[in-house]
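Report on one structure; see the data block that follows.
All of the numbers you see were taken from the coordinates with simple rules; none came from a lab. Not measured: the values here are computed from a predicted model. We place every Cβ from the backbone using ideal geometry, glycine too, and count neighbours over all the protein chains shown.
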Amino acid sequence: DAGVIQSPRHEVTEMGQEVTLRCKPISGHDYLFWYRQTMMRGLELLIYFNNNVPIDDSGMPEDRFSAKMPNASFSTLKIQPSEPRDSAVYFCASSSKDTQYFGPGTRLTVL
Amino acid sequence: AQSVTQLGSHVSVSEGALVLLRCNYSSSVPPYLFWYVQYPNQGLQLLLKYTTGATLVKGINGFEAEFKKSETSFHLTKPSAHMSDAAEYFCAVSYTGGFKTIFGAGTRLFVKA
């Protein structure tokens, strides 16, 4: 299995632009998670899905953030408009039982 | 409510020395406990986990951890540190297994030659 796939690996954009991060979970996994990692805040859970349905989005920082999972093999995290404080590494993870498998992350820089 | 506390944001050991990374948790129900490792510019990967059964759990790369219910602890150890062990280590807890895992703040391990 290729593991969790995230794209792009790096994204540099200007403040105010829309950013879309993509994730392909491991086939057969029914849970998908989006995390954000920064030096100041550590690893934060933003939202997670079960069978493509959002279960808990209490970690989504603002209305500028939105996430979708249109099918079992694809999810997006969108930031519109982006701000410099959104600069971080965003991880997607998937699981079927007790262990989460993380993707390599997307390093987002908002100038 | 569940929470995880990792004692020490940075730990430095000499190559060949014992590695001890501390983790305490709080949970109102029997927990599932995990240690993940993150190498630079990579995602987290599972080192080991405790769900049920034997309280001493062995993981990859010679690491092990012991679940001590009376102390609400799940400390990670390795008898002899190797340079390649330098990374950030995260303790985590969940009770339902598979979702809403709570991660600690992480401990960065430095290994000196």
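Data overview
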item	result
Extended-chain gain in nm, criterion 0.36 nm per residue less alpha-carbon gap, A:R85 and A:K97	1.0 nm
Unit charges at the beta carbon, dipole of the protein assembly as shown: most positive-side option, A:S7, A:P61, B:A17	B:A17
Magnitude of the charge dipole, chain A, Cβ model with Lys/Arg +1 and Asp/Glu -1, debye to 20	240
Charged-residue dipole, Cβ positions (Lys, Arg, Asp, Glu), chain B about Cα centre, Debye nearest 20	160
Contour excess over end-to-end distance, with Cα ends at B:Q42 and B:E71 and 0.36 nm allotted per residue	7.2 nm
Sequence-separation-based contact order of chain B, relative, with Cα cut under 8 Å and 6+ spacing, percent	38
In segment A:1-79, the trypsin sites (Lys or Arg not before Pro) that fall in loop regions by DSSP, at most 13 other Cβ within 10 Å	A:R9, A:R41
Calculated FRET value between A:H10 and B:L18, using beta carbons and R₀ = 35 Å, to 0.05	0.40
Alpha-carbon centroid distance for the pair segment B:40-94 / segment A:1-63, whole angstrom	25
Rel. contact order, % - alpha carbon contacts under 8 angstrom, at least six apart, segment A:41-111	20
